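I have placed the structure first, in the form of structure tokens, so that the comments after it can refer back to it.
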Amino acid sequence: MSKILKTDSPIYSFAPIADIYSKVLILGTVPSKESLRMNAYYAHPQNAFWKIIFNLYNLPFSTDIQIRKEVLLQNGIALWDVLRTCERISSLDTDIRMERPNDLHAFLSSHPGISKIYFNGKSAARYFNKYFSDITLPGQVMPSTSPAHAIKWERKLEAWLEILTITRK
């Protein structure tokens, strides 16, 4: 007998953060419940994403959404999700069902300066490979910044330093 999961209403990703100067694209899977509630990328206070980004560029940490967007754009970073929509009963990627991808082909066509994709965790890479195996840009799986990915923050930061090799050119 198959297990039937009760799902909430569909989850939709946010608009991408990007401009014509973007050099790299960071892809997550789809926003968490807390991010959806706060209407902002990586809004869960225990998610290390923003702490890592501000540390990479030696900037004072801010919770201001506009400042966070500016830090990304000023450093050539685009941010989006692989999935446009899905159903999910929790914030865990393992609960994703009925997913539909974003139009990454159109996005990358309109952002030709992007030379590498960084995946915020293995799930983002897995969904990317499922829907976009024809995209030939180099990609790299980074340790998930989610609090569910239980490695020390310092190890996450050390791995994410890789982004500087492209954004500091």
**Message:** Under 5 Å between amide hydrogens, which residues at least 5 positions from Ser144 or on another chain qualify, with H placed 1.01 Å from N in the peptide plane?
**Reply:** Gly121, Lys122
**Prompt:** Sorted by packing (mean other beta-carbon atoms within 10 Å per residue), highest first, where do 154-166, 116-128, 67-79 land?
**Reply:** 116-128, 67-79, 154-166
**Message:** What number does the chain give for Rg over Rh if you use C-alpha atoms and the Kirkwood radius?
**Reply:** 0.95
**Request:** Using only alpha carbon pairs under 8 Å that are at least six residues apart, calculate the relative contact order of the stretch 1-85 and give it in whole percent.
**Result:** 50 percent
**Asked** Taking each full run of DSSP H in the chain as one helix, which ones are at least 18 Å long along their axis (Cα atoms) and have mean Kyte-Doolittle hydropathy of at least 1.0?
**Response** none
**Request:** Would you check the stretch 11-167 for Lys pairs whose C-alpha atoms are within less than 21 Å, ignoring same-chain pairs closer than 8 in sequence, and give me the count?
**Result:** 17
**Item:** Global geometry of the stretch 1-87, whether rounded, prolate or oblate, following the gyration tensor of its Cα atoms and the 1.5 cut on a/c
**Value:** prolate
**Asked** Roughly what % antiparallel, to the nearest 5, for the DSSP beta bridges in the stretch 11-167?
**Response** 30 percent
**Relative exposure of Ser115, Ser22, judged by other C-beta atoms within 10 Å (fewest first)** = Ser115, Ser22
**Prompt:** Can you sort Thr63, Thr145, Thr167, Thr29 so the residue with the fewest Cβ neighbours within 10 Å comes first?
**Reply:** Thr63, Thr167, Thr145, Thr29
**Message:** What's the magnitude of the charge dipole for the stretch 11-167 around its Cα centre, counting Lys and Arg as +1 and Asp and Glu as -1 at the beta-carbon? Answer in Debye, nearest 20.
**Reply:** 240 debye
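Laboratory data are not the source of any read-out in this text; all were calculated from the coordinates shown. Quantities reported herein were computed from a predicted structural model and do not represent experimental measurements. Using ideal geometry, Cβ is built from the backbone for each residue, glycine included, and neighbour counts are taken over all protein chains shown.
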